[in-house]
């Protein structure tokens, strides 16, 4: 009798656990893919949609409309926005990209290491390399701010430095 009660108890636990089991990895990816496929409404949503779909190995649909939304919402005075737009451009092939000079123009002595890293990444995504002067300022800024976040930025963005 005790073994039957124990068996029923274990069977009940298994059933409760089965009901609470999360979606499978594939189902989660499909759900996320459907959410990311919604038309973007601004640059940030375009950036996350395009990046997410690409990471999931899914095709970005309506690339021209994604580029249009991203371009209309681009703040050319923001390094982060330029980086996000460059990622969308790299994946979707957007036209009318900012010039290297306009990207470099947003950098100043007051710019943070993060601003420099976003700008360097944007330049690379648009098919350009940073000039020696910009790289020198970036490296000096990282040296001045010797902290973990600067070290992470340096490691992450070392890929944007030309190997030549």
Looking at (1) at pLDDT below 95; (2) part of a helix (DSSP H, G or I); (3) more than 30 Å from residue 30 (Cβ to Cβ), which is the one condition that is false for residue 65?
(3)
Would a scan of the range 41-50 turn up a residue that is under 20 Å from residue 128 (Cα atoms), at pLDDT 90 or above, out of contact with any strand residue (DSSP E or B) (no Cβ under 8 Å at 6 or more places or on another chain) and exposed (fewer than 15 other Cβ atoms within 10 Å of the Cβ)?
no
Can you name every residue in the range 93-112 that is surrounded by 20 or more Cβ atoms within 10 Å (Cβ to Cβ) and not in a loop (DSSP other than H, G, I, E, B)?
103
Taking the range 51-62 and keeping residues surrounded by fewer than 15 Cβ atoms within 10 Å (Cβ to Cβ) and at pLDDT 90 or above leaves 62
Counted residues in the range 14-40 being at pLDDT below 50 and part of a helix (DSSP H, G or I) come to 4
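Kindly evaluate residue 158 against the criterion of being outside the structural domain of residue 79 (by TED's automatic domain parsing), surrounded by fewer than 11 Cβ atoms within 10 Å (Cβ to Cβ), assigned to a helix (DSSP H, G or I) and modelled with pLDDT under 90.
Here the answer is yes, as residue 158 does meet what is asked.
The values are calculated or read from the model by the stated rules, or taken from the named source; none is laboratory data. Quick caveat, the model's predicted, so the values are computed rather than measured. Ideal geometry is used to build each Cβ from the backbone, glycine not excepted, and the neighbour counts take in all protein chains shown.
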